[in-house]
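A.B. asks: The following block contains the structure, expressed as structure tokens.
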Amino acid sequence: MELNTRALFANLAERERIHGHHSPEGQAIRMLGRALDGWSSGNLAGADVVVLCGQAVEDWLKRRLKLSQWSATTLTSLLAAAVAVNLLQPSDAERLQPLHRYRTEFATRAFTVAEVETILQTSIAIVAQHWS
């Protein structure tokens, strides 16, 4: 799967112009857009992108679930809570679950281009579908 970063970034920038970045989704998309830009320009390593994606999704879920931004709730627990209140479909939570594993492994292994691009695309797609 080849990631067309220019087209994806242009789409996100246009949607941000239209919808703004003040909603939980807009704030997450803004961070994910920065991760995408850093990845495509070669300024961010795969591990950096994984951490940014994880943080963006975690912050987004905390905002949507009305939890404190300082809550120590794990990503797995946030995903389960989001499914319980119908914020996420179980299949979407399952697609985001590798973020938890990747974030625990980022210091001990290198990520493939395919892994980084898949998690980036998945994170953007799932958050963006809730952004209106």
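A.B. asks: Looking at the range 69-98, which of its residues are outside any helix (DSSP H, G or I), open to solvent by 70 Å² or more (accessible area, probe 1.4 Å), on the phi < 0 side of the Ramachandran plot and modelled with pLDDT of 95 or more? It would help to see each step written out before you state the result.
C.D. replies: We begin by selecting, within the range 69-98, every residue outside any helix (DSSP H, G or I); these are 69-74, 85-89, 97.
Pick out the ones that are also open to solvent by 70 Å² or more (accessible area, probe 1.4 Å) and you get 69-70, 72, 85-86, 89.
Filter again for on the phi < 0 side of the Ramachandran plot, leaving 69-70, 72, 85, 89.
Correct list: 85, 89.
A.B. asks: Is there any pair linking a residue in the range 85-105 that is within 18 Å of residue 118 (Cα to Cα) to one that is open to solvent by 70 Å² or more (accessible area, probe 1.4 Å), with Cβ under 9 Å and at least six apart or on different chains, and which?
C.D. replies: 92/129
A.B. asks: Those residues that are outside any loop (DSSP other than H, G, I, E, B), over 11 Å from residue 57 (Cβ atoms) and either open to solvent by 80 Å² or more (accessible area, probe 1.4 Å) or not hydrophobic (A, V, I, L, M, F, W, C) (or both), I need them from the range 99-120; list them, please.
C.D. replies: Passing the criteria: 101, 102, 104, 105, 113, 115, 117, 118.
A.B. asks: Then there's this: What number of residues within the range 19-68 are over 29 Å from residue 109 (Cα atoms), touching a Ser or Thr at 6+ places or on another chain (Cβ under 9 Å) and open to solvent by 30 Å² or more (accessible area, probe 1.4 Å)?
C.D. replies: The number of residues fulfilling the criteria is 5.
A.B. asks: Right, another one. Which residue out of 101, 30, 63 is among the charged types (D, E, K, R), more than 11 Å from the chain's Cα centre (by Cα) and at pLDDT below 90?
C.D. replies: Numbers: 30 fails: more than 11 Å from the chain's Cα centre (by Cα); 63 fails: at pLDDT below 90.
Exactly one of 101, 30, 63 is among the charged types (D, E, K, R), more than 11 Å from the chain's Cα centre (by Cα) and at pLDDT below 90, namely 101.
A.B. asks: Of (1) basic (Lys, Arg); (2) on the phi > 0 side of the Ramachandran plot; (3) assigned to a helix (DSSP H, G or I), residue 66 satisfies all except one. Which?
C.D. replies: (3)
A.B. asks: Also, I was wondering about something else. For the range 38-63, enumerate the residues that are touching a helix residue (DSSP H, G or I) at 6+ places or on another chain (Cβ under 6 Å) and in a loop (DSSP other than H, G, I, E, B). Give the derivation first.
C.D. replies: Just the residues of the range 38-63 that are touching a helix residue (DSSP H, G or I) at 6+ places or on another chain (Cβ under 6 Å), to begin with: 39-40, 44, 46, 49-50, 52-54, 56-58, 60-61, 63.
Of everything in the range 38-63, just one residue is touching a helix residue (DSSP H, G or I) at 6+ places or on another chain (Cβ under 6 Å) and in a loop (DSSP other than H, G, I, E, B), namely 44.
A.B. asks: Name the pairs whose Cβ atoms lie under 6 Å apart, with the first residue in the range 50-62 and within 10 Å of residue 103 (Cβ to Cβ), the second part of a helix (DSSP H, G or I) and open to solvent by 10 Å² or more (accessible area, probe 1.4 Å), and 6 or more positions between them or separate chains?
C.D. replies: Close Cβ pairs satisfying both conditions: 50/102; 54/103.
The values are calculated or read from the model by the stated rules, or taken from the named source; none is laboratory data. Nothing here was measured: the structure is a model prediction, and the numbers come from that model. Every residue, glycine as well, gets a Cβ built from its backbone with ideal geometry; the counts of neighbours run over all protein chains shown. Heavy atoms of the whole protein, side chains included, go into the accessibility calculation; ligands, DNA and RNA do not. Shrake-Rupley method; radii C 1.70, N 1.55, O 1.52, S 1.80 Å.
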